Amino acid sequence: MNKNKWSIPKSRYDRLAGWLSGGFLAAAAFYLWANWMAIPQKIPTHYGFGGQPDAWGNKSSCVVLLVIGGVMWLMMWGIEQVPMIWNTGVQVTEENRTRVYRILKNLLVTIRLVIAAIFAWIVVCSARSQPLGSWFMPLTMLLVFGPIVLCLLQLYRKR
């Protein structure tokens, strides 16, 4: 085990998900930059449950959405760095510390990846004035809550 009991070594999955999540937001930013002049002045700013636009606003709202996604990405990254503040939901002992923190780190990395993908998709769809798709909300719920359920099952399976 590491000298610092709170330190969690980065796995390949951590690195891959980190690069992918940053890449999603960077790709959305590049898309906005490359297509800014072609983006209509009036774009969707809100979508209903079925993925159809139901409110419209200025194209600068795409930038605001991208910034919000970036701030959330940074906040999630910051939380990953300080495991001592994580609410584990189980008693952490010397014997289970590594397993519990690895499970929770995987959850945080996965949620960061999902959030980045969601924000990138919404930014691009808004910039293109297109619906998100009727599949968007159910898939988003599955991608957000699925890892949480799996994490809880892993945590409580081997107490």
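The values are calculated or read from the model by the stated rules, or taken from the named source; none is laboratory data. All figures in this text were calculated on a predicted structure; none of them were measured in a lab. In this analysis, Cβ positions are derived from the backbone assuming ideal geometry, glycine residues included, and neighbour counts consider all displayed protein chains. Only protein heavy atoms, including side chains, enter the accessible area calculation; ligands, DNA and RNA are left aside. Shrake-Rupley method; radii C 1.70, N 1.55, O 1.52, S 1.80 Å.
Which ones in the range 52-61 are open to solvent by 60 Å² or more (accessible area, probe 1.4 Å) and of a type in the set (D, E, K, R)?
If the condition is that a residue be open to solvent by 60 Å² or more (accessible area, probe 1.4 Å) and of a type in the set (D, E, K, R), then Asp54 is the only one that fits.
Scan the range 24-43 for residues that are assigned to a helix (DSSP H, G or I) and within 20 Å of Leu132 (Cα to Cα) and jot them down. Reasoning before the result, please.
To start, the set of residues in the range 24-43 that are assigned to a helix (DSSP H, G or I) comprises 24-38.
The answer is Phe24, Leu25, Ala26, Ala27, Ala28, Ala29, Phe30, Tyr31, Leu32, Asn35, Trp36, Ala38.
Can you tell me which residues in the range 135-159 are in contact (Cβ under 8 Å) with a residue 40 or more places away in the chain and under 24 Å from Leu66 (Cβ atoms)?
Answer for the range 135-159, where residues must be in contact (Cβ under 8 Å) with a residue 40 or more places away in the chain and under 24 Å from Leu66 (Cβ atoms): Trp135, Phe136, Met137, Pro147.
Among what's in the range 64-100 and is outside any helix (DSSP H, G or I) and open to solvent by 60 Å² or more (accessible area, probe 1.4 Å), pick the residue that is nearest to Tyr156 (Cα to Cα). It would help to see each step written out before you state the result.
Here is the first cut: in the range 64-100, the ones outside any helix (DSSP H, G or I) are 82, 86-96.
Filter again for open to solvent by 60 Å² or more (accessible area, probe 1.4 Å), leaving 87, 91, 94-95.
Numbers: Asn87: 14, Gln91: 10, Glu94: 17, Glu95: 15 Å.
Across the range 64-100, the extreme among qualifying residues is Gln91.
Report yes if Leu153 is open to solvent by 30 Å² or more (accessible area, probe 1.4 Å) and either of a type outside the set (Lys, Arg) or at pLDDT 95 or above (or both), otherwise no.
Numbers: open to solvent by 30 Å² or more (accessible area, probe 1.4 Å): yes; either of a type outside the set (Lys, Arg) or at pLDDT 95 or above (or both): yes.
Yes: the conditions hold for Leu153.
Given (1) open to solvent by less than 30 Å² (accessible area, probe 1.4 Å); (2) at pLDDT below 95; (3) more than 19 Å from the chain's Cα centre (by Cα); (4) under 30 Å from Pro131 (Cα atoms), identify the lone condition not met by Phe49.
Just one mismatch for Phe49, condition (1).
Return the residues of the range 30-46 that are open to solvent by less than 70 Å² (accessible area, probe 1.4 Å) and within 26 Å of Val109 (Cα to Cα); say none if nothing qualifies.
Kept after step one, since they are open to solvent by less than 70 Å² (accessible area, probe 1.4 Å), are these residues of the range 30-46: 31-32, 34-35, 39-40, 43-45.
Answer for the range 30-46, where residues must be open to solvent by less than 70 Å² (accessible area, probe 1.4 Å) and within 26 Å of Val109 (Cα to Cα): Tyr31, Leu32.
Trp121 passes all but one of (1) farther than 16 Å from Phe24 by Cβ; (2) at pLDDT 90 or above; (3) part of a helix (DSSP H, G or I); (4) open to solvent by 80 Å² or more (accessible area, probe 1.4 Å); which number fails?
The failed condition is (1).
Conditions first: (1) open to solvent by less than 50 Å² (accessible area, probe 1.4 Å); (2) small (Gly, Ala, Ser); (3) not in a helix (DSSP H, G or I). Ser134 passes all but one, so which condition is the exception?
For Ser134, the exception is condition (1).
So, of the residues in the range 16-29 that are of a type outside the set (A, V, I, L, M) and at pLDDT 95 or above, which turns out to be most open to solvent (accessible area, probe 1.4 Å)?
Trp19
I need every pair where a residue in the range 9-36 that is more than 20 Å from Gln81 (Cβ to Cβ) has its Cβ under 6 Å from the Cβ of a residue that is in a helix (DSSP H, G or I) and of a type in the set (Val, Ile, Thr), sequence separation at least 6 or different chains.
Every condition considered, the pairs that remain are Ala28/Val123; Ala28/Val124; Tyr31/Val124.
Kindly establish whether Thr140 is on the phi < 0 side of the Ramachandran plot, under 19 Å from the mean Cα position of the chain (by Cα) and part of a helix (DSSP H, G or I). Don't jump to the end; show me each part of the working.
Values: on the phi < 0 side of the Ramachandran plot: yes; under 19 Å from the mean Cα position of the chain (by Cα): yes; part of a helix (DSSP H, G or I): yes.
So Thr140 fits the description; yes.
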